[in-house]
Amino acid sequence: MDLDTLLSFRWSVMLPEFIILGVATLLSVIDLFMKKESSRKPLAWLAGAGILAALITIFMQLDIEVTSILYDTYRLDSFSKAFKILLLLGTLLVIVLSSNYKKEDLEENRGEFYYLLLAALLGAMMMASSADLITLFVGLELLSLSSYVMAGLERRNKRSNESAFKYIVSGGIATAITLFGMSYIFGLTGETNLFKIAENMGNLELLEHSFLIVFAFIITFAGLTFKIAAAPLHMWAPDVYEGAPVPVTAFLNVVSKTAGFVILLRVIIICFIAAPGIDKEPILLQVQPYVMVLAAATMIIGNVTALRQRNIKRMFAYSSIAQAGYILVPFVSNSSLIFELIWFYLLAYLFMNIGAFTVIQLLTSQEGSNDIGVFRGLFRRSPWLAVPMTFFILSLAGIPITAGFIGKFGIFMGALGLEQPQYWLAAVMMATTLVSYVYYFNIIAIMFFRDSDGTKVSIPGGMAAVLAFCAASVLILGVMPDLALDFFYGNFDVNEFFMQIETEVHTHDH
Amino acid sequence: MNTWLLSILIFSPLLGVLVLLFTPSHDEKSIKWIGILGTLFPLGTALVTLSAFNKSGDGLQLAEKFQWVSYEVFQTNGDVSYPIFYEVGVNGLSMVLILLTTIVSVLAAIASFSIKKNWKSYFILFFLLEMGMIGVFAAQNLFLFFIFFEITLIPMFFLIGRWGYLEKEKAAYSFLIYNGVGSAILLIAFVAMFMKTGTMNFEQLAYTFSLPQSELNEMNITKGFKMGMLIALLLAFAVKLPVAPLHSWMVRVHVQAPPPIVMLHSGILLKIGAYGLIVFGAGLFPDQFESLAFVIGLFGVINLLYGAFLALTQRDMKRVLAYSSVSHMGIVLIGLAALNEAGMTGAVFQVVSHGLISALLFFLVGVLYERSGSSQLKDFGGVAKRMPIFAGVLLAGGLASLGLPGMSGFISEFMAFLGLFETMPVLAAIGTLGLILTAVYVLRAVLAITFGTEKELTNAHDLSSTERIPAFILLAAILFIGIYPAWLSDMLRPTLDSILLGLGG
């Protein structure tokens, strides 16, 4: 590749990524030259401004048709735009959360935290835009490595260290599994570009290959489900969530999980869409039972284990495992619904989880405990904290007039709208939702029915803004989901996802 | 045509919420008055709606329809959209039930004067509950119905768990879980129907399901699917009604919840189960409903007898009334199972009549509890001497409950059994035993309180003027329907006719 070719690419499609990269670099330099004693808090503003700028750039890119650069390894299509909005929005809210997170342990590493967060975000954005196994993997690793460090940022906190260690070990294993699966894909097709893989997969008609394809699918799928904390690779989540600082937990819970679904959709759907399975039937139909069992197991394990948790961060870890199970359900729907359903659910998921973590951060840092008892009598102490928390919990439980209900309703539509409706999967989802009522409403009961010692919780301005924004979004999306759905249909064309672009390479006559 | 009237009616309780948000929470008196005025506004709107409602008119009236949510699915054979509308409307049946809701709500708000703490949040939840109840009856599609159905769930959970008696939290949880099971089944059935037919509107669904089987096969709707849906719906509403053996949560709620909330729960919320059975069960799947009629009738008789037997052995007046509700809901099932005009009319009459009677009786028990801190039968006796008006109203309510001619209970029981004797005489004959048992347990309980040796009561003053309002209004309504049932049956006739038409009657 000579310079001319390099310059001929439309680099503007990567503008949001460049902004994030630039701000992250700037932050690391500033952090390096700042005095050791001076507070790193103002850096949050810079990081936030960078994310906001990237977000605005994405909105300005909405009209750009599907483009790809670097020989179709990097794409700007509806899919990447839609999910990048979620990633950026989630990180922006996490930044606000972190700027109000007071813990001495974190203070000395605060500067580090911001540029690591942006680096992780950059990795997630690369995952959303990549169309090549190599770039996808680089994005995944950038996100993972930054996350490992962030989980252990509270250096003197044993739990935080434990969290980082467990995360890096189990994450490494998952990466190995993913790579192993990808090596099969490469071995079968001889390509790393997703679309070329899809093309070659469709041409594989030899019977002995079909088992290898199924094998490649299952291994890759299993490895990629690590990030979304789906069973059986879910064990890391409770330990990591418990030990990591609250903003990091929120980031892992929301942004990292969204990125996990992004890469899952990219790799699985594109690579295997035309692949024949055993006896030449489409593989995506053939592996449906496997995905369904995985989804059902995730829902059951997440919800049932959450019942026994007294530690609020662990409870939310299991709750997020269960939610991952719900979001896996659309994978069996085999229609274009899958994108809007997952996108909408993740949008709702973002608001309700960041909102809930805002409240958790305020309460746990004031009381110095992670026990569920921190919610005791919250309604009488701080009604302005208890009421939004109630909305978030109702949304997580999927009660109407909240965004969570609409998301779940959509997932039901996906599960029951097939040629052969998956009644039992819908039944498992509904039954586990009922189980989740017990622990979700337990928090509500503790907030409203128990007496308290009467200490008020002070809410800093930034946190109040996040709370208000999340609560309003949860309610508005619950009453008028069309606001988000119309935005989705109006700006994003899911067909672009499958559109292969022939990169025009300028050939110069020398 | 969009008139907005019905939407205003549905969301009218929110006005009270809005005003309450700006009222200081320690100002007990203002809050209680806002509580009453806030329920009077929906009642007024309901009366305006009633005057705009054409009684003899057929079908849906005052309908409103707006595009709400749309899902687009791109498929190989073109884009298919699954639109969900906001559609409300009333027919005779829902009009009557909305009216019942708003009346009982006002009276329950008056009865809420006995609430001792946290009046502000109490009334906010109370209004949300009322909104949910009105919405359930006005909704004209499955999505909206489900949303309002669930909206009633959350305020009830709080109202029971926060303002109830000793085991309130247990009662709140069992309410939540049992009803959650019902809702879960309901949601799966609703989405399944939506995905098969592409519509959620009641009328369109009824039309689609009434198409000949050859056309339905093209839409992948088999007979088995229809039967499965009906069973799912019956199961979901059986929890709500409740049908034995799914009734334990309801008894717990009736014993533990504060009296005004029990008035609403027993008076209105249980009726959502009956309404659902009529509108979704008999309305959408008439053929399948017919084939299950015997089972439904059997469960009706079991409910009637089982509830009555248990009511006979209870020592707590609240429990007597709770089991009496179980027993009386059996009559709704009996009427529905008859599949004829008399039975159907009886079932609907029972819904309205029991709504009034149980609201009255639970109100009176609440009064008694407030005076003495007990509702055990053994703690009372000879109340008639010290509280004559109270005793009189209680006796009248009891007589209405056992179906004395001239009161609303008589009409409904008579009609329901008349219907069932026509189609299933043996079952009906067994069922009549329940009527005798009803007389026994009602009189046993009522007489034990009002007559006999006088027991010491710390605070035995008769009904105060604020307490008389709900008592007399409910009694008057019970008598009015008992003496002049034609008013009600005229309202209901077009709706019932259309359902009976579907049943082939």
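Rolling a 1.4 Å probe over the protein heavy atoms gives region A:365-454 an accessible area of 31 Å² per residue. Spatially, region A:96-125 and region B:396-443 are offset by 72 Å when compared through their Cα centroids.
Counting 0.36 nm for each residue step from A:Arg380 to A:Ile476 and taking away their Cα separation leaves a gain of 32.0 nm.
Here the label points at A:Ser369 and B:Ser25, each 7 Å from Cα along the C-beta direction, are separated by 2.3 nm in the simple model. In loop segments of region A:117-217 as defined by DSSP, the GluC sites (Glu not before Pro) with at most 16 further C-beta atoms inside 10 Å of their C-beta are A:Glu205. Estimated from helical segments only, the mean residue ellipticity of chain A at 222 nm is -22500 deg cm²/dmol, where each DSSP H run of four or more residues counts as -39500 (n - 2.57). Backbone amide hydrogens, once placed in the peptide plane, bring A:Tyr74 within less than 5 Å of A:Ile69, A:Ala131, excluding anything fewer than 5 places away on its chain.
Extending 7 Å from the Cα toward the beta-carbon at both B:Phe113 and A:Val293 defines two label points whose distance is 6.6 nm. Counting only protein heavy atoms and a probe of 1.4 Å, the accessible surface of region A:297-492 is 62% carbon and sulfur.
Counting only heavy atoms of the protein chains and using a 1.4 Å probe, A:Met352 has close to 0 Å² of accessible surface.
Using a Förster distance of 22 Å, how high is the FRET efficiency between B:Phe294 and B:Leu246, based on the Cβ-Cβ distance and rounded to 0.05? The value I calculate is 0.65.
In the context of the full protein assembly, A:Asp279 retains an accessible surface of approximately 110 Å², using a probe radius of 1.4 Å and ignoring ligands and nucleic acids. Just going by the charge dipole of region B:1-285, with Lys and Arg at +1 and Asp and Glu at -1 on Cβ, which of B:Thr39, B:Met95, B:Gln256 is farthest out on the positive end? Working it through, the farthest residue towards the positive pole turns out to be B:Gln256. Annotation note: GluC sites (Glu not before Pro) in region B:416-505 located in DSSP loop regions with a Cβ neighbour count of at most 11 within 10 Å are B:Glu456.
For region A:115-145, the residues whose backbone nitrogen is under 16 Å from a point 7 Å from the Cα of A:Met34, taken along Cα to Cβ, are A:115-119. When accessible surface is computed with a 1.4 Å probe, chains A and B are found to bury approximately 3700 Å² between them, both chains counted.
Overall, the anisotropy analysis places region B:1-134 in the oblate class: the square-rooted eigenvalues a ≥ b ≥ c of its C-alpha gyration tensor yield a/c not less than 1.5, with a/b not exceeding b/c.
In a reduced charge model with +1 at each Lys and Arg Cβ and -1 at each Asp and Glu Cβ, region A:297-492 shows a dipole moment near 660 debye about its Cα centre.
Across peptide B:306-314, the mean count of Cβ atoms from other chains lying within 10 Å of each residue's own Cβ comes to 0. Shape class for the protein assembly as shown: prolate, because the ratio a/c of the largest to smallest gyration tensor axis (alpha-carbon atoms, square roots of eigenvalues) is 1.5 or more and a/b beats b/c. The sum of -39500 (n - 2.57) across all DSSP H runs of n ≥ 4, divided by the residue count of chain B, sets its helix-only mean residue ellipticity at 222 nm to -24000 deg cm²/dmol. State whether region A:184-280 is rounded, prolate or oblate according to the following rule on the C-alpha gyration tensor (a ≥ b ≥ c being the square roots of its eigenvalues): a/c under 1.5 gives rounded; otherwise a/b larger than b/c gives prolate, and the remaining case gives oblate. Prolate. Around the Cα centre of the protein assembly as shown, unit charges on the Cβ atoms of Lys, Arg, Asp and Glu (plus for the first two, minus for the last two) sum to a dipole of about 4280 debye. Label point of B:Asn459 set 7 angstrom out along Cα-Cβ; within region B:340-364, amide nitrogens under 16 Å from it belong to B:364. Using +1 at the Cβ of each Lys and Arg and -1 at the Cβ of each Asp and Glu in the protein assembly as shown, identify which of B:Ser121, B:Ile302, A:Pro460 lies farthest towards the dipole's positive end. Going by the charge dipole, the pick is B:Ser121.
Among the protein heavy atoms, those of A:Val291 account for about 10 Å² of accessible surface (1.4 Å probe, every chain in place).
Computed from label points 7 Å out along Cα-Cβ, the spacing between A:Glu65 and B:Leu14 is 4.4 nm.
For region B:164-257, applying the loop criterion from DSSP together with a ceiling of 15 other beta carbons within 10 Å to the GluC sites (Glu not before Pro) yields B:Glu167. Between the alpha-carbon centres of region B:242-300 and region A:435-495 there is a gap of 33 Å.
Here region B:243-395 is assigned +1 on the Cβ of each Lys and Arg and -1 on the Cβ of each Asp and Glu. Its dipole about the Cα centre then comes out at about 740 debye. Per residue, the convex hull spanned by the Cα atoms of region A:297-492 amounts to 104 cubic angstrom.
Place +1 on the Cβ of every Lys and Arg and -1 on the Cβ of every Asp and Glu in region B:212-289, take the dipole about the Cα centre, and give the residue among B:Phe237, B:Asn220, B:Leu270 whose Cα lies farthest towards its positive end. Checking the options against the dipole of region B:212-289, the answer is B:Leu270.
The values are calculated or read from the model by the stated rules, or taken from the named source; none is laboratory data. No experiment lies behind these values; they were computed from the predicted model shown. Here the Cβ is made from the backbone with ideal geometry for all residues, glycine too, and neighbour counts use every protein chain on show. What goes into the accessible areas is simple: the full protein's heavy atoms, side chains included, and nothing from ligands, DNA or RNA. Shrake-Rupley method; radii C 1.70, N 1.55, O 1.52, S 1.80 Å.
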